Every structure is written in structure tokens, then in C-alpha cells.
Amino acid sequence: MKEKVAFELISPEKLLISGDGDMVLVPGAEGDFGVLPDHSLLISGVRPGVLEIHNDGKVDERIFVSGGVAEVTPERCIVLAEQAVPVDELDTKEIEARISDLRDDVDASANDDDRRTAERALIVTEAMRDATTAAPAH
């Protein structure tokens with residue numbers, strides 16, 4: 001069995017992270033899942049949440065992802081994220097202000113499409129806020 005799992009985090013703009021880890025914890029659409037070396041094949045949607053890279057019994061990196069797709073093979077885990085930001089770069093006050101604005105946008109929506117767009121943005125932003133207050137998984 002391999003000791004590390006290769007990992008790549010890719011946004012629409014660029015390759016954000018490429019490296020190895022003992023485990024990658026992904027916020028899957030159906031729930032969080034951990035990827036270890038020699039993992040079985042898997043393709044999953046990614047929900048808004050925190051992706052964690054674990055090494056030597058601790059969390060090395062915590063990155064907020066707004067959604068996307070994860071592909072897992074026995075050799076690697078690739079996450080194609082809509083948006084990705086290190087959790088320690090998130091500004092809680094800015095996020096709270098954005099949540100307030102988005103709630104107003106939902107209430108003021110002129111049609112169903114506008115409402116769905118505002119609700120989706122609100123869900124992502126609330127998950128971003130939650131990421132700033134949640135402790136790393138162990």
C-alpha cells in the first residue's frame with residue numbers, strides 16, 4: 001500500500017494545490033468522505049464546505065470550496081472547484097455583511113430565476129461563514 005495520496009485542487013483559473021497527503025477529506029454532495037492511498041474509484045459532486053489535507057496526524061491545510069466535482073482513483077484525488085479559498089483568508093465581518101445583503105436579495109427577487117440565484121449564493125456564503133467557526137476534523 002502506498003503511504004501518500006496524490007492530490008490536486010483546480011479552480012477555473014488555475015491549479016491551486018498539487019501535492020501528497022496522508023488523507024484528503026472532501027465535502028461530498030452526499031456527505032464528507034476521506035480519501036486514502038489505494039482508494040476505490042469514485043466520482044462525486046462537491047458541496048460548499050471545507051476540504052482538508054491531513055499529514056502526520058494533523059490537518060495541514062483547510063480550504064473552503066464552494067462546490068465542484070471530485071474524481072478519486074487508487075493513485076490520486078482531483079477536485080475541480082468552482083471557487084477555493086484558504087479558510088484562514090476568509091473575513092468573517094465581510095461574510096456576515098454579504099449574508100445580510102443576500103437575504104435582502106432573496107426577499108427582493110423579481111422572479112424565480114433571480115430568487116434561485118440569490119438563494120444559491122446565500123447557501124455558499126453561509127457555508128463560508130460556518131467554515132470560519134468550525135474546528136478542523138481529526
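The values are calculated or read from the model by the stated rules, or taken from the named source; none is laboratory data. All of these numbers come straight from a predicted model, not from anything done at the bench. Note that we place each Cβ from the backbone using ideal geometry, even for glycine, and neighbour counts take in every protein chain shown. The accessibility values were calculated without ligands, DNA or RNA, using every heavy atom of the protein model including side chains. Shrake-Rupley method; radii C 1.70, N 1.55, O 1.52, S 1.80 Å.
Name the strands (runs of 3 or more DSSP E) wholly inside the stretch 22-138 in which the number of residues that are of a type in the set (Phe, Trp, Tyr) and under 12 Å from Leu9 (Cβ atoms) is 1 or more.
58-65
A quick yes/no check of all residues on (1) under 12 Å from the mean Cα position of the chain (by Cα); (2) exposed (fewer than 14 other Cβ atoms within 10 Å of the Cβ); (3) in contact (Cβ under 8 Å) with a residue 40 or more places away in the chain; (4) within 19 Å of Val124 (Cα to Cα):
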site	(1), (2), (3), (4)
Pro12	no, yes, yes, yes
Leu15	no, yes, no, no
Met23	no, no, no, no
Gly28	yes, no, yes, yes
Ser44	no, no, no, yes
Glu52	yes, no, yes, yes
Gly57	no, yes, no, no
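Taking the stretch 68-125 only, how many residues are open to solvent by 80 Å² or more (accessible area, probe 1.4 Å), closer than 30 Å to Asp38 by Cα and over 13 Å from the mean Cα position of the chain (by Cα)?
Of the residues in the stretch 68-125, 3 are open to solvent by 80 Å² or more (accessible area, probe 1.4 Å), closer than 30 Å to Asp38 by Cα and over 13 Å from the mean Cα position of the chain (by Cα).
Identify, from the list Val24, Val35, Val5, the residue that is of a type in the set (Val, Ile, Thr), within 21 Å of Thr132 (Cα to Cα) and in contact with a Cys (Cβ under 7 Å, 6 or more places away or on another chain).
Only one candidate qualifies: Val24.
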